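All remarks here apply to the structure that follows.
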């Protein structure tokens, strides 16, 4: 079965990162340094362990067009996050599936949606309501969700905590997406990061809704929290609702594969209940492309 990374972000530069533009961050991984600037080739190299990857940016707030969530300075100013996703996918079109990101309050939303689906060939959408500061249960978001449901476009939502001070955590809590799933039962949704640190709430939502999954991206560097969340999903019988993801460039796909397989050793080393290796391999080999209907 193929390994599909459902959660990767875009390279910040096309083919070269000038030394003065190198950007690092140490909050996301609790003190560990993350290099946030990279090239298309860096992305291609990182994706070698997987068979398919979803690549996407995060659309800016319409009232803050000069402030992006992700670094895109190494691309022409005429290109937005959706253009960059489509261009990145050209580096390995058999592997990289371009994703769009939109803002429900963008006055040009419908035009950009059509362009992404038609001209750019985007197959999925990434939304971070807390980063983008929109209410996912508001009328603007529901209008977008209705169209996505009709067109069978799956959503990867940022779900879980974030260090961004002006990003409402309520917009990233899994119970908020329970309301979305109730309103749009045929809309396929992925809650990123097992909604850490609300993994128990996340499993309650994915267990309840047939068309809601979670990805386990960017978890392993908090090893006890990672084991605890995965064990909760196992005990509640919803390991089959976990998809593989990395959150590149925050972590690498290979590191996530290694640390998933290391969960058994971590449990034994700390006298904790083990998660069966068959369930772990099931996550690594889960065909998210087929599950989410991404043609």
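Derivation of every value follows stated rules applied to the coordinates shown; laboratory data play no part. Keep in mind that what you see is a predicted model, and the values were worked out from it rather than measured. Cβ placement follows ideal geometry from the backbone for every residue including glycine, while neighbour counts extend to all protein chains displayed.
Figures for the structure shown
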item: Odd one out for residue 249, checked against (1) surrounded by fewer than 24 Cβ atoms within 10 Å (Cβ to Cβ); (2) closer than 16 Å to residue 8 by Cα; (3) in contact with a helix residue (DSSP H, G or I) (Cβ under 6 Å, 6 or more places away or on another chain); result: (3)
item: Positions within region 140-168 being under 14 Å from residue 201 (Cα atoms) and out of contact with any helix residue (DSSP H, G or I) (no Cβ under 6 Å at 6 or more places or on another chain), in sequence order; result: 161
item: Restricting region 135-163 to residues that are touching a residue at least 40 places away in the same chain (Cβ under 8 Å) and either in a helix (DSSP H, G or I) or over 15 Å from the mean Cα position of the chain (by Cα) (or both), the residue that is surrounded by the most Cβ atoms within 10 Å (Cβ to Cβ); result: 136
item: Residue match in region 31-50 (condition: under 29 Å from residue 105 (Cβ atoms) and not in a loop (DSSP other than H, G, I, E, B)); result: no
item: Members of region 67-99 found to be assigned to a loop (DSSP other than H, G, I, E, B), within 17 Å of the chain's Cα centre (by Cα) and under 14 Å from residue 53 (Cβ atoms), listed by number; result: 95
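For every residue, the table says whether it meets (1) in contact with a helix residue (DSSP H, G or I) (Cβ under 8 Å, 6 or more places away or on another chain); (2) more than 19 Å from residue 131 (Cβ to Cβ); (3) crowded, with 18+ Cβ neighbours inside 10 Å.
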residue: 18; (1), (2), (3): no, yes, no
residue: 44; (1), (2), (3): no, yes, no
residue: 47; (1), (2), (3): yes, yes, yes
residue: 56; (1), (2), (3): yes, no, yes
residue: 84; (1), (2), (3): no, no, yes
